[in-house]
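**Student:** Pasting a structure below so you can have a look.
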Amino acid sequence: MVLAIVGAVWAPPRAAAAKAPRGAVVCGACHKPIRLDWQRSAHGTSWSNPVFQAFLAEAKETLGSAIQPKCIACHAPAAHVSGDAAVTDPISKEGIGCNFCHNITAVDPSTKPASYTHDPTDANLMRGPYRDADPRRAHNTVFSEIHTQSAFCASCHSAAHPRSGVIVESTYLDWTRSQAARDGQRCQDCHMPAAPGKAAVTAKKIRPAVSAHRFRGPRSEPAWLDSVAAIDATTEDGRLKLEVSNRAAGHALPGGGNSMRTIALDVVFRDGNGDSLSMMTAERFGTEFSDADGSFPAYKWIAHGVARATSIPPDSSRVVWCDVPAGAASAEAVLTYYPIHPAYLPMLVARGVDLSGRAPYVMARARAELR
Ligand code: HEC
Ligand code: HEC
Ligand code: HEC
Ligand code: HEC
Ligand code: HEC
């Protein structure tokens, strides 16, 4: 009798036999809503993403195929840690997958690229936000503080170019300088909004906070951009003054994708009949890198310097002045988010990339009467 109890206590959990990481479909059997959210997210498509694949091909053409391992360290990290440099394993192709993120044990939040520590010794031990997880033998669990902190995201969202030192991924650093950071608002709070519920269909507890895995952003949820920026249009000394403010991003605006995305401020002047007199792009917000020859925008992998640094800092605004053409009675300003900098469209079109879902998105508008 006594022996039987000891045997039951010391028997290893059944699934602990799974030594290799498993695919999202396996996790989805119990964590279905999480899997469905993740699958459509930028993380769930970070390898298959056709836009990424085209840029990767471009990078390999200029720098040789030896560049690929550098890219996969963040875009297909399971391949990186398993040494699958050609990315052929189905788990590698899942991009930034469940088992990978939940086997991270530490992160160095500096600008070192791919600064995560990944523990390959026990693929079945899930690190997560709960101190009292009850996985009912599905797998083992342990509380992991790093998963509950913004620093976790810094492993990929904070990086400097290894040679030039240019900061290519700046989102985490920008966040550290924000009011959101001072208020203790984490990346997870905005990008993985939590709701009460069960963390797994087989879970016993209803938890007060289960974090969504949509990793919502401009791509997965463009309508979020409706509430992020505002334009204030006024006139001063006969000139048009446009103040564009970053109202909701807990970092700069645009929040990342340096030298890849841009936000344009366009202005149309109209006469008293409402007919257009002239149009202009008054400003382009965002960071643009230059290459060794000084041309810009340049891809992040050949970033040699910073040619433009016009992103809108957190909790801040930028003022743009425009001269008013003769006869103008009103002005309309439009702020448009370009998921892909227009400079790269010819390359993507030439490579036959499907650009659906990458249309420019109007974030804000404002109008001013000029007389
Ligand atoms: C980019 C890394 C990342 C990926 C990919 C990822 N997770 Fe998570 N997961 C996290 C973080 C970070 C938390 C903690 C969030 C918090 O503290 O608010 C978390 C929390 C969880 C939790 C606890 C409940 C909850 O939602 O808060 C479960 C269960 C979970 N993840 C399962 C999964 C599964 C299943 C997948 C794949 C379908 C997955 N995760 C993919 C980072 C990731
Ligand atoms: C047979 C069902 C089942 C499968 C399959 C499963 N899980 Fe879980 N998982 C659970 C249950 C149940 C919990 C506990 C939930 C709770 O305590 O609220 C859990 C908890 C978690 C947690 C939270 C751990 C913590 O301490 O915060 C993470 C992370 C997690 N699972 C990730 C995964 C990943 C990744 C996979 C796929 C490799 C996976 N799970 C597969 C049932 C499952
Ligand atoms: C292992 C590297 C890695 C980690 C860890 C990571 N990310 Fe990402 N993230 C990426 C990559 C790579 C992309 C771009 C993928 C693409 O565009 O194909 C991305 C894209 C995103 C996007 C853009 C989504 C959109 O729809 O526009 C958001 C938001 C995001 N990540 C938030 C987070 C947050 C929050 C965390 C921490 C909880 C995190 N990431 C952790 C690598 C990572
Ligand atoms: C206060 C809420 C908030 C916090 C905190 C926050 N973000 Fe964001 N994030 C946003 C909003 C709103 C956007 C959409 C506007 C934009 O693209 O900048 C965004 C956009 C992004 C994007 C996509 C940028 C682009 O345009 O391609 C990434 C990646 C991202 N955030 C990552 C992070 C990471 C990593 C952290 C923590 C270091 C973080 N965010 C903290 C609100 C937040
Ligand atoms: C340090 C981690 C890291 C490394 C290394 C890295 N990336 Fe990224 N990459 C990211 C993150 C994070 C994003 C998302 C940025 C955002 O939306 O703010 C991203 C976004 C992208 C995008 C935009 C995808 C889209 O659909 O809009 C492309 C293209 C890209 N990376 C190509 C590459 C290539 C090619 C390499 C190798 C030369 C590379 N990356 C190396 C982290 C990395």
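The values are calculated or read from the model by the stated rules, or taken from the named source; none is laboratory data. Worth saying up front: this structure is predicted, and the values here are computed from it rather than measured. Cβ sites come from the backbone with ideal geometry, for glycine too, and all protein chains shown count toward neighbours.
**Student:** Please enumerate the residues belonging to the stretch 266-305 that are surrounded by 14 or more Cβ atoms within 10 Å (Cβ to Cβ) and not in a strand (DSSP E or B).
**Tutor:** Within the stretch 266-305, Asp271, Gly286, Asp291, Phe296, Pro297, Tyr299, Lys300, Trp301, Ile302, Ala303, His304 meet the criteria.
**Student:** Limited to the stretch 32-48, what total is found for residues that are among the basic types (Lys, Arg) and crowded, with 17+ Cβ neighbours inside 10 Å?
**Tutor:** Keep residues of the stretch 32-48 that are among the basic types (Lys, Arg), which gives 32, 35, 40.
Adding the requirement that they be crowded, with 17+ Cβ neighbours inside 10 Å leaves 35.
Total meeting the criteria: 1.
**Student:** I need the full set of residues from the stretch 239-265 which are more than 6 Å from ligand 4 (Cβ to nearest atom) and surrounded by fewer than 20 Cβ atoms within 10 Å (Cβ to Cβ), in order please.
**Tutor:** Passing the criteria: Arg239, Lys241, Glu243, Ser245, Arg247, Ala264.
**Student:** Now for a different question. Suppose we filter the stretch 318-354 for residues that are within 16 Å of ligand 4 (Cβ to nearest atom) and outside any helix (DSSP H, G or I); how many remain?
**Tutor:** Of the residues in that region, 8 qualify.
**Student:** So Leu242 passes all but one of these: (1) out of contact with any helix residue (DSSP H, G or I) (no Cβ under 9 Å at 6 or more places or on another chain); (2) not in a strand (DSSP E or B). Which condition number does it fail?
**Tutor:** (2)
**Student:** Follow-up question, since we're still on this one. Quick check on Ala114: is it at positive phi, outside the structural domain of Leu345 (by TED's automatic domain parsing) and either within 13 Å of ligand 1 (Cβ to nearest atom) or touching a Leu at 6+ places or on another chain (Cβ under 6 Å) (or both)?
**Tutor:** yes
**Student:** Moving on. Which of the numbered conditions does Asn124 fail, given that it passes all the others? Conditions: (1) within 29 Å of Val168 (Cα to Cα); (2) in the same structural domain as Arg163 (by TED's automatic domain parsing); (3) polar (S, T, N, Q).
**Tutor:** (1)
**Student:** Of (1) part of a loop (DSSP other than H, G, I, E, B); (2) more than 30 Å from Ala180 (Cα to Cα), Gly257 satisfies all except one. Which?
**Tutor:** (2)
**Student:** For the stretch 64-85, which residues satisfy the criterion of being within 18 Å of Ala160 (Cα to Cα) and away from ligand 4 (no atom under 16 Å from the Cβ)?
**Tutor:** Residues satisfying the conditions are Ile67, Gln68, Pro69, Lys70, Cys71, Ile72, Ala73.
**Student:** Right, another one. List the pairs whose first member sits in the stretch 95-113 and is within 8 Å of ligand 2 (Cβ to nearest atom), whose second member is in a strand (DSSP E or B), and whose Cβ atoms are under 6 Å apart, counting only residues at least 6 apart or on separate chains?
**Tutor:** These pairs meet every condition: His102/Met126; His102/Arg127.
**Student:** Please go through the stretch 132-188 and pick out each residue that is in contact with a Cys (Cβ under 7 Å, 6 or more places away or on another chain) and over 21 Å from Asn258 (Cα atoms).
**Tutor:** Matches in the stretch 132-188: Ala138 only.
**Student:** Need a quick list: helices (runs of 4 or more DSSP H) entirely within the stretch 146-212 having at least 2 residues that are closer than 28 Å to Ile302 by Cα and among the small types (Gly, Ala, Ser).
**Tutor:** Per the criteria, 151-157.
**Student:** Only residues that are within 16 Å of ligand 4 (Cβ to nearest atom) and touching a helix residue (DSSP H, G or I) at 6+ places or on another chain (Cβ under 7 Å): list them for the stretch 130-147, please.
**Tutor:** Ile146 - this is the single residue of the stretch 130-147 that is within 16 Å of ligand 4 (Cβ to nearest atom) and touching a helix residue (DSSP H, G or I) at 6+ places or on another chain (Cβ under 7 Å).
**Student:** Further question: Looking only at the stretch 23-64, which residues are within 10 Å of ligand 5 (Cβ to nearest atom), without any contact (Cβ under 8 Å) to a residue 60 or more places away in the chain and closer than 25 Å to Pro193 by Cβ?
**Tutor:** Thr45, Ser46, Asn49
**Student:** Could you run through the stretch 125-144 and say how many residues are under 23 Å from Gly44 (Cα atoms) and either surrounded by fewer than 15 Cβ atoms within 10 Å (Cβ to Cβ) or more than 8 Å from ligand 2 (Cβ to nearest atom) (or both)?
**Tutor:** Count: 1.
**Student:** Considering the stretch 262-278 alone, what residues qualify as being within 28 Å of Tyr299 (Cα to Cα) and touching a Gly at 6+ places or on another chain (Cβ under 8 Å)?
**Tutor:** Listed by number, the residues that qualify are Thr262, Ile263.
**Student:** While we're looking at this one, here's another question. If the requirement is being more than 26 Å from Arg318 (Cβ to Cβ), away from ligand 1 (no atom under 12 Å from the Cβ) and not assigned by TED's automatic domain parsing to the domain that holds Ser295, which of these qualifies: Arg182, Arg163, Arg216, Arg177?
**Tutor:** Testing whether each residue is more than 26 Å from Arg318 (Cβ to Cβ), away from ligand 1 (no atom under 12 Å from the Cβ) and not assigned by TED's automatic domain parsing to the domain that holds Ser295 leaves just Arg163.
**Student:** Now, a different point. Go through Val210, Val228, Val201 for me and flag whichever is buried (at least 18 other Cβ atoms within 10 Å of the Cβ) and within 14 Å of ligand 1 (Cβ to nearest atom).
**Tutor:** One residue alone meets the criteria, Val210.
**Student:** If you don't mind, another one. Hand me the list of helices (runs of 4 or more DSSP H) wholly inside the stretch 1-84 holding 3 or more residues that are of a type outside the set (Phe, Trp, Tyr), within 16 Å of ligand 1 (Cβ to nearest atom) and at pLDDT 95 or above. Give the derivation first.
**Tutor:** Details: elements: 2-10, 24-28, 32-40, 50-63, 68-75, 77-82.
Correct list: 24-28, 32-40, 68-75, 77-82.
**Student:** The conditions are (1) under 23 Å from Thr234 (Cβ atoms); (2) outside any strand (DSSP E or B), and Met363 fails exactly one of them. Which is it?
**Tutor:** Exception for Met363: condition (2).
**Student:** Can you run down the residue pairs with Cβ atoms below 8 Å, 6 or more apart or on separate chains, where the first is in the stretch 188-214 and closer than 13 Å to Lys32 by Cα and among the hydroxyl-bearing types (Ser, Thr, Tyr) and the partner is modelled with pLDDT under 95 and surrounded by fewer than 18 Cβ atoms within 10 Å (Cβ to Cβ)?
**Tutor:** The qualifying pairs are Thr202/Arg136.
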